[in-house]
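Worksheet for the structure shown next.
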Amino acid sequence: MALTLLIDTGPFVAYLDRGEREHETVALIIDGFTGLLCTTSAVITEAMHLVEGDRAGPRRLADFVHAARVQVFECAQPERLSAAVSLMEKYADTPMDFADATLVLLAEEIGTRRILTLDRRGFGVFRTRNGKRFEVVPG
């Protein structure tokens, strides 16, 4: 079975923007990763919003997702929306946004807890339904 890594919004932006503080770290991880990258449509939407300040940003993001064969999971079906909102309410003090909540749900769905994120605080607190911690990359 291939190693699976969830990818959050921040690493997408950092990977595409050489000016980002974490660019080099994220690029080393992504370029050296040989497993399956997975994310949600909410993360892609958030990343698109953040890269649109660069005229070429959205195209670069779309091209990267395609070239890296990132598996993008849908997250806006009514049942998933309710589950995501419940997580957002549970972690309101952290806080947890919708994209974060969809990643927690995806982790449970596909059976991985490894996540490439720059939100070390949030994903250091968030847990799966059965109380498992996330393995945050970079650690």
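Identify, by number, the condition in (1) within 26 Å of R21 (Cβ to Cβ); (2) surrounded by 13 or more Cβ atoms within 10 Å (Cβ to Cβ) that A83 doesn't meet.
The single condition A83 does not satisfy is (1).
Return yes when A83 is farther than 16 Å from T9 by Cβ and assigned to a loop (DSSP other than H, G, I, E, B) and no when it is not. Let's see the steps before the verdict.
On the way: farther than 16 Å from T9 by Cβ: yes; assigned to a loop (DSSP other than H, G, I, E, B): no.
Answer is no for this residue.
Looking at (1) modelled with pLDDT under 95; (2) closer than 21 Å to L37 by Cα; (3) assigned to a helix (DSSP H, G or I), find the lone condition where G139 falls short.
All conditions are met except number (3).
Only one of L50, L3, L61 is of a type in the set (A, V, I, L, M), touching a Lys or Arg at 6+ places or on another chain (Cβ under 9 Å) and touching a residue at least 24 places away in the same chain (Cβ under 8 Å). Can you tell me which? Walk me through it before giving the result.
Numbers: L50 fails: touching a Lys or Arg at 6+ places or on another chain (Cβ under 9 Å); L61 fails: touching a Lys or Arg at 6+ places or on another chain (Cβ under 9 Å).
Within the list L50, L3, L61, the selection yields L3.
Suppose we filter region 106-136 for residues that are farther than 17 Å from Y91 by Cα and outside any loop (DSSP other than H, G, I, E, B); how many remain?
7
Show the residue pairs meeting these rules: Cβ distance below 6 Å; 6+ apart or different chains; first residue within region 90-101 and farther than 20 Å from S41 by Cβ; second residue surrounded by 19 or more Cβ atoms within 10 Å (Cβ to Cβ).
Note: pairs meeting the criteria are T94/G122.
Which ones in region 46-67 are surrounded by fewer than 16 Cβ atoms within 10 Å (Cβ to Cβ), closer than 24 Å to L3 by Cβ and aliphatic (A, V, I, L, M)?
A67
Count, please, the residues in region 90-136 that happen to be within 24 Å of G35 (Cα to Cα) and charged (D, E, K, R).
Selection size over region 90-136: 11.
Within the group R121, R60, R69, which residue is basic (K, R) and modelled with pLDDT under 95?
Residue meeting the stated conditions: R121.
Of all residues in region 12-24, how many are touching a residue at least 24 places away in the same chain (Cβ under 8 Å) and surrounded by fewer than 17 Cβ atoms within 10 Å (Cβ to Cβ)? Please lay out each step first, then the result.
So the first thing to find is which residues in region 12-24 are touching a residue at least 24 places away in the same chain (Cβ under 8 Å), and the list is 12-17, 22.
Right, trim to surrounded by fewer than 17 Cβ atoms within 10 Å (Cβ to Cβ) and you get 22.
Total satisfying the criteria: 1.
Please go through region 60-94 and pick out each residue that is farther than 18 Å from I30 by Cβ and among the basic types (K, R).
Of the residues in region 60-94, the ones farther than 18 Å from I30 by Cβ are 73-94.
Residues satisfying the conditions are R80, K90.
The values are calculated or read from the model by the stated rules, or taken from the named source; none is laboratory data. As the structure is a computational prediction, the values presented were derived from the model and not from experiment. Backbone-built Cβ (ideal geometry, glycine too); neighbour counts: all protein chains shown.
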